[in-house]
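Asks: Before we start, here is the structure in question, set down as structure tokens.
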Amino acid sequence: HVHMALKYFVESLQFLALTIRPVCQFTFGEISDEAFCELIQTLIRFHEEGKDYMVLDAFLTFIIEHCPSAAIGHCYHKLAKFLTVGYPFSLQQWKAEDYKQMFSDMILRVTKSLECRDIEGLIEQWGTFLEEQVQYNRTFVEQTKG
């Protein structure tokens, strides 16, 4: 069961990596300044509380709540549920300094892009981050199979 859960986790990350760019483009083209500020404040709060690992959850929740397409919001809601099975494994990796740094750097870059309203930069950051997460977690899953 553990390997099946990890497989769903990695496949969900992979699906996000494949779709995040157009979904971000679609979502961020439609949101209000108030919504931008809300997301920025959430990310700043997580960073200040040392909860940088929550960046993906915060971002997916934002897309689920603000995407103009109910179908996309529903799909991302399902993906977020699949990702929760991987959180215990992610938190286990959280002890590694490079893993922590990856999330800390991401939350700071995303916050800066949001503050500057650099949507193209934001989209590229998320695409690259998710691709890196797929690789990182796929490697982790392969190592745990032994």
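The values are calculated or read from the model by the stated rules, or taken from the named source; none is laboratory data. Since we're looking at a predicted model, the values are computed, not measured. So basically every Cβ, Gly included, is an ideal-geometry build from the backbone, and we count neighbours across all protein chains shown. The accessibility values were calculated without ligands, DNA or RNA, using every heavy atom of the protein model including side chains. Shrake-Rupley method; radii C 1.70, N 1.55, O 1.52, S 1.80 Å.
Asks: Which value, to two decimals, describes the C-alpha radius of gyration of the chain once divided by 2.2 N^0.38 Å?
Replies: Compactness ratio reported: 1.02.
Asks: Further question on the same structure: Output ³J(HN,Hα) for the range 24-31: one whole-Hz value per residue in order, computed from phi by the Karplus curve 6.51 cos²θ - 1.76 cosθ + 1.60 with θ = phi - 60°, and x for Gly and Pro.
Replies: Here the 3J(HN,Hα) series is 4, 4, 5, 6, 6, x, 10, 8 Hz.
Asks: At 1.4 Å probe size, with every protein chain present, just tell me what the per residue accessible area of the chain comes to in Å².
Replies: Value returned for the chain: 54 Å² of accessible area per residue.
Asks: When only the heavy atoms of the protein chains count and the probe is 1.4 Å, how do Met102, Met4 rank by accessible area, highest first?
Replies: Largest accessible area first, the residues go Met4, Met102.
Asks: With a cut-off of 8 Å between alpha carbons and a minimum separation of six or more residues, what is the relative contact order of the chain in percent?
Replies: Worked out over the chain, it gives 42 percent.
Asks: In sequence order, what are the phi-derived ³J(HN,Hα) couplings for the range 6-15 according to the Karplus relation 6.51 cos²θ - 1.76 cosθ + 1.60 with θ = phi - 60°, rounded to whole Hz, with x for glycine and proline?
Replies: Listing the rounded values in order: 5, 4, 4, 4, 5, 5, 5, 4, 5, 4 Hz.
Asks: Sticking with this one: I'd like the Karplus ³J(HN,Hα) series for the range 112-119: coefficients 6.51, -1.76, 1.60, θ = phi - 60°, whole numbers in Hz, and an x wherever there's a Gly or Pro.
Replies: 4, 4, 5, 4, 8, 6, 8, 5
Asks: Excluding the sites themselves, what is the longest stretch of the chain that contains no trypsin sites (Lys or Arg not before Pro) in a DSSP loop with at most 13 other C-beta atoms within 10 Å?
Replies: Free of exposed loop sites, the longest segment is 1-94.
Asks: Cα convex hull of the range 13-68: how many Å³ per residue?
Replies: 71
Asks: What's the tally of Lys pairs in the chain whose alpha-carbon atoms lie under 16 angstrom apart, where the two lysines are 8 or more places apart or on different chains?
Replies: Counting lysine pairs in the chain gives 5.
Asks: Which loop-located GluC sites (Glu not before Pro) does the range 15-85 contain, where loop means any DSSP state but H, G, I, E or B and the Cβ has at most 16 other Cβ atoms within 10 Å?
Replies: Sparse-neighbourhood loop GluC sites (Glu not before Pro): Glu30, Glu49.
Asks: Next up: Please report the carbon-and-sulfur percent of the accessible area for the chain; probe 1.4 Å, protein heavy atoms only, DNA, RNA and ligands left out.
Replies: Using a 1.4 Å probe with all protein chains present, the chain comes out at 57 percent carbon and sulfur.
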